[in-house]
1. Between region 127-149 and region 34-58, how many Å separate their Cα centres?
2. Using only DSSP helix segments of four residues or longer, with each worth -39500 (n - 2.57), what per-residue ellipticity at 222 nm results for the chain after dividing by its residue count and rounding to 500?
3. Suppose every Lys and Arg Cβ carries +1 and every Asp and Glu Cβ carries -1, with no other charges. What dipole size does region 1-112 come out with about its Cα centre, to the nearest 20 debye?
4. Counting only protein heavy atoms and using a 1.4 Å probe, what share of the accessible area of region 1-59 belongs to carbon plus sulfur, as a whole percent?
5. Which Cα, out of SER64, LEU101, TYR81, lies furthest along the positive dipole direction of region 40-101 (beta carbon charges, K/R +1, D/E -1)?
6. Would you report the distance distribution of C-alpha pairs in the chain as whole percents per 5 angstrom bin, up to the bin with the largest distance?
7. Would you mind counting up the charge near LEU128? Only other residues with Cβ under 15 Å from its Cβ, with Lys and Arg at +1 and Asp and Glu at -1.
8. Could you tell me what percent of the DSSP beta bridges with both partners in the chain are antiparallel, to the nearest 5?
Amino acid sequence: MHTETMWSLRPGTAADVEPIAELRAAVMRPDLERLGRYDEHRVRQRLRDGYSPEHTSVVETDGSFAGCVTLRPREGGQGLYLENFYLAPEAQGQGLGTAVLRELLARADEEYLPVRLQVLQGSAARRLYEREGFAVESEDPIDVFMVREAGAVRGPRPPAA
C-alpha cells in the first residue's frame, strides 16, 4: 500500500555515522546472509570507513530518522555515484524509496549527469532502480553494477550556444 508520507532530506553530519551503520547492518543482513557474505563487524566498518557526511542526506519522516542516501561525485567528473541508500524496515514498501530516488535523479538530470550504483545480486532494490531507468552495466557473483544515463528523463543535452 502506498501512503503519502511526509518526508524530508537533511544534510548528513558526522554524528549520523553510527545510526547509519546500524541501519546498514539491519537492512543488508538478509541479502548478505543469502550470499554467504554477512560479517557482523565488517558490514558496519565498511560504512564507517567510507562515510562522507558532505555527500550524505538523512531521510526523515515526521522528523524522525527513516534512512539515508549518499550521492557522491565520481572521480574525474564522470557523473554521480549513488550509495548507502537504506530505509528503515518500517519505512519500506510505502513509496518512500521511489520518492527519494526520483528527487535525487531530478537533481542529476538538471546537470545532465549519469548516475551509477551497485546493488547486491537478488536484492529487491534492483527492481526500484530498473523502474527508474537504471540498466545493468556489468555484474559479478555478488554485485550488479547499474547506470542511468544523463538526461534519461529530460532527453539529450541541448547543443551549446
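1. 20 Å
2. So the calculated ellipticity at 222 nm is -9500 deg cm²/dmol.
3. For region 1-112, the charge dipole is close to 360 debye.
4. Carbon and sulfur together cover 54 percent of it.
5. Value: TYR81.
6. Result, from short to long distances: 2, 8, 17, 21, 22, 17, 9, 3, 1, 1, 0 percent.
7. 0
8. 95 percent
The values are calculated or read from the model by the stated rules, or taken from the named source; none is laboratory data. This one's a predicted model, so the numbers in the text were calculated from it and none came from an experiment. In this analysis, Cβ positions are derived from the backbone assuming ideal geometry, glycine residues included, and neighbour counts consider all displayed protein chains. Just the protein is used for accessible areas: all its heavy atoms, side chains included, with ligands, DNA and RNA removed. Shrake-Rupley method; radii C 1.70, N 1.55, O 1.52, S 1.80 Å.
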